[in-house]
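Below you'll find the structure, written out as structure tokens, and then a few comments.
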Amino acid sequence: MNGGPRREAGEAWAFRARVEREAARRFERLGAAISAFDPGSPVPALLQRAAGDERRHAVLCAELCAAYGQPVDEGVADEPIAPASLGPRAAVLYEMVAACCLTETESVATLATLLSEEAEPRVREVLHEIARDEVVHSRMGWAHLAREAAVQDVSFLSAWIPSMLSGTVDEGLFTRDEPEPDAEALLRHGVLPRSRKREIFVRTLEEVVLPGLERLGVDAGPARAWLAKRSS
Ligand SMILES: [Fe+2]
Ligand SMILES: [Fe+2]
């Protein structure tokens with residue numbers, strides 16, 4: 001492992017800082033879009049508040065990144081992630097499901113696992129503060145999906161879940177399996193070893209995300225096939 005666990009932890013926190021900044025931008029953009037077609041929705045106000053949370057998380061992650069001696073990059077990219085073939089309202093739904101129902105739900109599970117381990121005190125405080133907010137962020141996705149499912153057919157999402165999943169995880173999570181000698185040290189600095197990460201990702205998908213989608217009329221068959229192909 002290049003540079004040891006502190007360096008790897010610094011890079012992981014730098015990556016998280018960037019993801020948090022991107023989430024802030026995305027939530028602002030999605031909030032504005034939803035209020036335009038669904039003015040009665042409570043979700044835009046939640047997205048606005050969540051954008052503020054993400055900016056706060058970005059600062060916390062950047063502080064840890066600096067504490068581990070890694071440079072903090074200030075770049076923010078907020079590219080809409082929905083396929084171009086979707087209409088504007090369906091594209092917003094795609095992004096809300098990918099960013100909140102999938103990413104934020106997985107993030108809650110990852111943070112809960114990290115919090116169950118022995119982390120350094122400052123790492124623990126940061127994980128704790130972020131975890132508290134991500135639970136609420138995940139709910140915004142389910143609330144928006146439920147609202148949309150009440151007024152239109154959302155079954156088209158089913159075929160898109162695999163591409164959302166591919167956009168959420170690094171394929172290396174399923175393909176590489178080198179030994180991780182620094183696994184214990186990484187946990188102390190708030191980073192999950194790959195084998196744990198994969199286990200939590202799959203379990204959360206099977207136990208929380210896919211059943212949640214199915215309850216709202218999104219068939220999870222294509223997502224299960226995506227998973228089966230990778231976990232065999
Ligand atoms: Fe966050
Ligand atoms: Fe979040």
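Using the basic label-point model (7 angstrom from Cα toward the beta carbon), what is the V59 to A146 distance in nanometres?
3.2
If the elastic network links every pair of Cα atoms under 10 Å, which of A220, A131, A32 fluctuates the most in the Gaussian network model of the chain?
A32
First check a/c for region 113-232, with a ≥ b ≥ c the square roots of the eigenvalues of its C-alpha gyration tensor; if it is under 1.5, answer rounded, and if not, answer prolate when a/b is larger than b/c or oblate otherwise. Mind showing how you got there, number by number?
Working: a/c = 3.31, a/b = 1.48, b/c = 2.23.
Oblate, because a/c is 1.5 or more while a/b does not exceed b/c.
Can you give the angle from 0 to 90° between the axis of helix 194-204 and the longest principal axis of the chain, with both taken from C-alpha atoms, to the nearest 10?
30
Using the alpha-carbon atoms, what tilt in degrees (0 to 90, nearest 10) does helix 105-115 show relative to the longest principal axis of the chain?
Long axis of 105-115 versus the principal axis of the chain: about 20 degrees.
Please give the net charge around E118, taking every other residue with its beta carbon less than 11 angstrom from that of E118, where Lys and Arg add +1 and Asp and Glu add -1.
That works out to -1.
Between region 178-232 and region 81-133, what is the C-alpha centre distance in whole Å?
When both Cα centres are located, 13 Å separates them.
May I ask you to compute the full-extension gain from R215 to A112, defined as 0.36 nm times their residue separation minus their alpha-carbon distance, rounded to one decimal in nm?
Separation in residues times 0.36 nm, less the Cα-Cα distance, equals 34.6 nm.
Quick check: net charge around P44, other residues with Cβ under 12 Å of its Cβ, Lys/Arg +1 and Asp/Glu -1?
+1
Compute the angle between helix 4-37 and the longest alpha-carbon principal axis of the chain, please, reported from 0 to 90 degrees and rounded to the nearest 10.
Computed tilt is about 20 degrees.
When only alpha-carbon atoms count, how far does region 36-194 stretch along each of its three principal axes, as whole angstroms with the largest first?
Rounded to whole Å, the extents work out to 49, 35, 30 Å.
Select from Q48, Q70, Q152 the residue whose mean-square fluctuation is largest in a Gaussian network model of the chain (Cα-Cα springs shorter than 10 Å).
Q152
Can you give the accessible area per residue of region 46-102, in Å², using a 1.4 Å probe? Don't jump to the answer; show the numbers that get you there.
On the way: 2480 Å² over 57 residues.
Ligands and nucleic acids excluded, the figure is 44 Å² per residue.
What net charge do the residues around A98 carry, taking every other residue with its C-beta under 13 Å from that of A98, with Lys and Arg at +1 and Asp and Glu at -1?
Values: positive: R26; negative: E22, E79, E95, E104, E106.
Net charge around A98: -4.
Kindly provide the helix-only [θ] at 222 nm of the chain, computed as the sum of -39,500 (n - 2.57) over DSSP H runs of four or more divided by all residues, to the nearest 500 deg cm²/dmol?
Helices in the chain give a 222 nm mean residue ellipticity of -21500 deg cm²/dmol.
Among R132, R188, R26, which one moves the most in a GNM of the chain with springs linking Cα atoms closer than 10 Å?
Among R132, R188, R26, the largest mean-square fluctuation in the Gaussian network model of the chain belongs to R132.
Please work out whether region 34-92 counts as rounded, prolate or oblate from its C-alpha gyration tensor, where a ≥ b ≥ c are the square roots of the eigenvalues and a/c under 1.5 means rounded, while otherwise a/b larger than b/c means prolate and anything else oblate?
Working: a/c = 5.10, a/b = 1.86, b/c = 2.74.
Taking the square roots of the gyration eigenvalues as a ≥ b ≥ c, region 34-92 is oblate.
Placing one identical point scatterer on every Cα of region 1-112 and ignoring solvent, what is log10 I(q)/I(0) from the Debye formula at q = 0.23 Å⁻¹?
After summing over all Cα pairs, the log10 values are -1.26.
Sort region 124-178 into rounded, prolate or oblate with this rule: let a ≥ b ≥ c be the square roots of the eigenvalues of the Cα gyration tensor; rounded if a/c is under 1.5, and if a/c is not under 1.5, prolate when a/b is larger than b/c, oblate otherwise.
oblate
At each listed q (0.12, 0.16, 0.18 Å⁻¹), what is the log10 of I(q)/I(0) that the Debye formula gives for region 61-141 modelled as equal alpha-carbon point scatterers?
The computed values of log10 I(q)/I(0) come out as -0.49, -0.78, -0.90.
Could you compute how much accessible surface K197 exposes when probed at 1.4 Å, giving the result in Å² to the nearest 10?
100
The values are calculated or read from the model by the stated rules, or taken from the named source; none is laboratory data. Keep in mind that this is a model prediction, so the values were computed, not measured. Reconstructed Cβ throughout: ideal geometry from the backbone, glycine too, with neighbour counts over all protein chains shown. Ligands, DNA and RNA are stripped out before the accessible areas are found, and what is left, the full protein with its side chains, is counted by its heavy atoms. Shrake-Rupley method; radii C 1.70, N 1.55, O 1.52, S 1.80 Å.
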